[in-house]
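Participant: My questions will all concern the structure given below.
The values are calculated or read from the model by the stated rules, or taken from the named source; none is laboratory data. Computed from a predicted model, the values in this text were never measured in an experiment. Cβ coordinates were reconstructed from backbone atoms using ideal geometry, including for glycine residues, and neighbour counts include every protein chain displayed. For the accessible areas, the whole protein counts, side chains as well, though only heavy atoms, and no ligand, DNA or RNA atoms are used. Shrake-Rupley method; radii C 1.70, N 1.55, O 1.52, S 1.80 Å.
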Amino acid sequence: MGHFDMPVSKMTPWLADRIIADHFIEDRRRASFLSRHFAAPGLLGGVDLATGENCPDIHLGTDGSAAFFLAHTLGPARIAVPPEVTTIAKDGARSERSSFFRTTTRHWDDSGNCPFIIVAIASGGLLAPSPAVVTASHALSEAGFRHAIERPVRPRVWHLWMFLEKPQDLREARRIAERMRSVLTLVGLSQSEFKLPIEEEQPSAVHLPYHFFYGDVLGCLHILDDDDQLIALNPNTIPVVSGTSLLPADQTLLDQSESLGEADGVARWVKFFGWWRGKFGARRVRAGEVVKAIDPTTCLPPGGPNWTTSPQAASIWLGRRLQALGGHHLGGHLIEANRSGNSTVFRLVRHDVPPTDRSG
């Protein structure tokens with residue numbers, strides 16, 4: 001194992017990157033990934049490992065991000081002197097210190113932006129993914145919520161990390177979390193088996209992945225293979241998703257559908273979904289199939305082009321509206337929208353009854 005004695009605090013980000021690239025390439029990749037997602041002011045805290053002091057706020061210097069995360073991933077066995085950071089105690093007292101931390105992260109930064117969303121799943125202390133972890137991972141992947149799985153240092157609760165390409169403000173992030181909750185409930189996970197901390201008013205901080213003393217067993221990020229076993233991810237391949245792609249594309253429609261003041265519009269959607277359930281059950285269908293099957297004189301949803309003279313336009317219109325409603329409840333129904341090839345398939349289920357038919 002390589003070793004060098006130059007204090008990290010004296011390295012420029014370029015020099016740190018160069019040295020670690022030559023000697024500790026995997027750790028460099030991990031540190032680079034963490035720096036991209038956790039460097040914003042207000043995210044970091046932790047325990048000073050030299051003194052045991054809890055530091056609720058850790059602020060990095062202008063050029064300290066690369067050095068801090070290198071220290072986080074490499075530790076004192078391979079770095080002589082950690083970078084200097086500013087810590088802020090609960091009483092507001094500020095201090096400058098050079099130490100290693102068991103680092104934690106909050107779920108949003110000082111600006112109220114969220115760079116990730118976590119699903120915490122109770123697993124009973126297993127070192128292999130529990131059935132709940134496997135079920136949740138498959139369901140979220142199928143619904144488009146790409147994520148990484150962490151077996152944390154406290155393995156009774158596993159974390160599924162969904163990293164966002166760009167931080168979303170708290171309101172938007174909670175809308176995404178609401179859709180994730182709908183997916184997990186739909187596949188039969190109970191409220192006692194999982195939680196989304198971002199939905200809480202004051203969620204507890206979680207430990208940052210890739211801490212130097214976790215080794216390669218705890219704190220690393222994985223995906224499931226075909227046998228539902230963990231495969232460690234190269235940090236360059238950790239999935240990062242666009243938050244906007246997970247949000248409804250037509251908020252006006254959602255506002256209208258969820259507003260009791262638009263009783264006629266809601267009633268027409270509910271009637272339309274009732275017909276859908278009778279015609280297709282819980283089978284996945286494309287918007288074009290729905291347009292071909294419906295009688296335009298009976299139960300059309302509100303708005304849209306002429307379903308008789310413009311079936312293609314009606315299919316496009318319906319597909320966009322169903323994508324906007326995907327993951328949301330309306331009149332006792334939950335609409336699933338999933339990619340299939342170059343198009344989207346939709347599935348309608350009662351949101352209060354776990355589905356029994358996953359075929360189609």
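Participant: In segment 163-214, which chymotrypsin sites (Phe, Trp or Tyr not before Pro) are in a loop and have at most 13 other Cβ atoms within 10 Å, using DSSP for the loop call? Don't skip to the answer; put the middle values down first.
Facilitator: On the way: sites: PHE163, PHE194, TYR210, PHE212, PHE213, TYR214; in loops: TYR210, PHE212, PHE213, TYR214.
Sites meeting the loop and neighbour criteria: PHE213.
Participant: At a 1.4 Å probe radius, carbon and sulfur cover how many percent of the accessible area of segment 78-182? Mind dumping the intermediate values first?
Facilitator: Working: 2150 of 4280 Å².
Within segment 78-182, the accessible surface is 50 percent carbon and sulfur.
Participant: Go through THR73, THR244 and list them by solvent-accessible area, largest first, probe radius 1.4 Å.
Facilitator: Sorted descending by solvent-accessible area, the residues read THR244, THR73.
Participant: Apply the a/c threshold of 1.5 to the C-alpha gyration tensor of segment 41-81 and tell me whether it is rounded, prolate or oblate.
Facilitator: On the way: a/c = 2.34, a/b = 1.11, b/c = 2.11.
Because a/c hits 1.5 or more and a/b fails to exceed b/c, segment 41-81 counts as oblate.
Participant: If you add up the charges near VAL183, with Lys and Arg at +1 and Asp and Glu at -1, over every other residue whose beta carbon is less than 11 angstrom from its beta carbon, what do you get? Let's see the in-between values first.
Facilitator: On the way: positive: ARG179, ARG181; negative: GLU142, GLU178, GLU336.
Taking every other residue near VAL183 into account, the sum is -1.
Participant: Could I have the simple spin-label model distance between SER310 and LEU233, label points 7 Å from Cα toward Cβ, reported in nm to one decimal?
Facilitator: 4.2 nm
Participant: On a straight-distance basis, which lysines could pair with LYS279 in a cross-link, Cα separation under 23 angstrom, same-chain partners fewer than 8 positions away excluded?
Facilitator: List returned: LYS271, LYS292.
Participant: Points 7 angstrom from Cα along the Cβ direction at ALA128 and ASN54: gap in nanometres?
Facilitator: About 3.6 nm, to one decimal.
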